[in-house]
């Protein structure tokens, strides 16, 4: 039996499901390279603002921050992912979102998320997706979404 292809809308949906279950290291792998780089830069800046002497003494840089994300470190869960969860509206994407790939050209795609609320109101958000190395990635920063 042929394996079903993983589509951009499936990855976007999975991203928010993993986020809701605190599997943020998986979310990290589902983000585009530009989004990961931006989130690392924000986090590195935050570390140096919060603990300048300790950060300088430890010479914390991109490599260390990347490991914190990859290992689902507790400090990243508290400082980055918690803020990301609230500012991104992850709960709404998870609970009320219906995902559909509406455009696909080469290594780029657009996923439309239709948010259907219990009161009947609706909203739509377009997510940019890119195909990198081993599959589709959510181009969160490139989509201009809040953080």
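Beta-bridge orientation, the chain: approximately 95 percent antiparallel, per DSSP, counting only bridges with both partners inside. Each peptide in 136-143, 41-48, 118-125 receives the mean, over its residues, of other Cβ atoms within 10 Å, and ordering these scores from highest gives 136-143, 41-48, 118-125.
Taking the longest Cα principal axis of the chain as reference, the axis of helix 33-50 is set at about 40 degrees.
The Rg/Rh ratio for the chain is 1.01, where Rg is the radius of gyration of the alpha carbons and Rh is the Kirkwood radius.
For the chain, what does the relative contact order come out to in percent, with C-alpha contacts under 8 Å and a separation of six or more? In percent, rounded to a whole number, it is 30. Sorted ascending by nearby beta carbons within 10 Å, beginning with the fewest, 75, 32, 88 become 75, 88, 32. Hey, what angle do you get for helix 8-20 against the long axis of the chain, alpha-carbon based, 0 to 90 degrees rounded to 10? Here the helix axis deviates by roughly 50 degrees.
Only DSSP H runs of four or more residues enter the estimate; each adds -39500 (n - 2.57), and after division by the residues of the chain the mean residue ellipticity at 222 nm equals -13000 deg cm²/dmol.
The numbers here are math on the coordinates, done by the rules we state, and not lab data. No experiment lies behind these values; they were computed from the predicted model shown. So basically every Cβ, Gly included, is an ideal-geometry build from the backbone, and we count neighbours across all protein chains shown.
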